[in-house]
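The values are calculated or read from the model by the stated rules, or taken from the named source; none is laboratory data. Computed from a predicted model, the values in this text were never measured in an experiment. Here the Cβ is made from the backbone with ideal geometry for all residues, glycine too, and neighbour counts use every protein chain on show.
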Amino acid sequence: DAGVIQSPRHEVTEMGQEVTLRCKPISGHNSLFWYRQTMMRGLELLIYFNNNVPIDDSGMPEDRFSAKMPNASFSTLKIQPSEPRDSAVYFCASSLEGHYTDTQYFGPGTRLTVL
Amino acid sequence: KQEVTQIPAALSVPEGENLVLNCSFTDSAIYNLQWFRQDPGKGLTSLLLIQSSQREQTSGRLNASLDKSSGRSTLYIAASQPGDSATYLCAVGLGAQKLVFGQGTRLTINP
């Protein structure tokens with residue numbers, strides 16, 4: 001199994017530009033999560049999908065952030081326009097939902113730097 | 001609001017020692033608790049998951065305990081090895097797939 005795949009691994013952009021992060025979950029998993037990790041705030045859940053439907057987006061910081069999951073094998077997290085404070089490592093994770101919270105499998109992350 | 005705290009933030013011990021990492025949470029109404037490992041520049045790897053009805057889980061040299069009433073969990077690592085060096089995070093499961101993470105403990109095992 002290839003695990004959760006994220007691209008790009010590193011992204012450097014200038015303030016005001018649009019950024020799109022991509023994620024391919026583990027085949028057969030029906031839940032997908034986007035997290036953000038910073039030194040100050042640690043690891044925070046941004047949004048999660050179940051069966052391609054957004055279930056909880058209460059962690060999305062503001063309207064500049066949007067996430068989609070057009071099918072079971074692909075999701076995107078978009079930031080438009082980007083700001084320096086968005087600099088962080090963004091993780092995607094997937095799980096097979098069963099009983100309550102199940103083990104989540106994390107991708108390697110995308111390190112985003114906004115200049 | 002659930003808050004998860006891990007103390008200490010960093011720990012350095014010589015190889016071979018047994019050690020304990022601590023995690024505390026403010027609300028005992030949890031579904032489960034997980035311990036993850038994070039290596040530099042990489043994602044998280046789940047180590048152990050304890051359901052709310054359980055008291056502990058073991059995997060190899062790792063043992064995790066859960067005391068819901070006191071809002072505490074510990075991760076015990078036996079006979080530590082340099083390869084155990086990483087950041088260890090605990091996460092409380094609130095249900096509906098939602099996890100709240102602690103800030104982590106950065107562990108260094110010195111050969």
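Pull up segment A:38-60, narrow it to residues that are polar (S, T, N, Q) and under 15 Å from A:Ser94 (Cβ atoms), then point me to the one that is nearest to the other protein chains (Cβ to nearest Cβ). Among those that are polar (S, T, N, Q) and under 15 Å from A:Ser94 (Cβ atoms), it is A:Asn50.
Annotation: of all residues in segment A:56-92 being of a type outside the set (Asp, Glu) and closer than 19 Å to B:Lys1 by Cβ, the one that is modelled with the lowest pLDDT is A:Pro61. Of all the residues in segment A:1-15, those that are within 12 Å of another protein chain (Cβ to nearest Cβ) and not in a strand (DSSP E or B) number 3. Take A:Glu97 and tell me if it is of a type in the set (Asp, Glu), within 14 Å of another protein chain (Cβ to nearest Cβ) and in a loop (DSSP other than H, G, I, E, B). So A:Glu97 fits the description; yes.
Do we have any residue at all in segment B:33-55 that's away from chain A (no Cβ under 14 Å), within 13 Å of the chain's Cα centre (by Cα) and not in a loop (DSSP other than H, G, I, E, B)? So far as segment B:33-55 goes, no, none of its residues is away from chain A (no Cβ under 14 Å), within 13 Å of the chain's Cα centre (by Cα) and not in a loop (DSSP other than H, G, I, E, B).
Residues that are of a type in the set (Gly, Ala, Ser), in a loop (DSSP other than H, G, I, E, B) and buried (at least 20 other Cβ atoms within 10 Å of the Cβ) within segment B:81-111 comprise B:Gly102, B:Gly104, listed in sequence order. I'm told B:Thr58 meets every condition in (1) away from chain A (no Cβ under 14 Å); (2) surrounded by 13 or more Cβ atoms within 10 Å (Cβ to Cβ); (3) assigned to a strand (DSSP E or B) except one. Can you identify the failing condition by its number? Just one mismatch for B:Thr58, condition (2).
Could you tell me whether segment A:47-54 includes any residue that is closer than 21 Å to A:Leu115 by Cβ and of a type outside the set (Val, Ile, Thr)? Steps first, please.
The initial filter retains those residues of segment A:47-54 that are closer than 21 Å to A:Leu115 by Cβ, namely none.
No.
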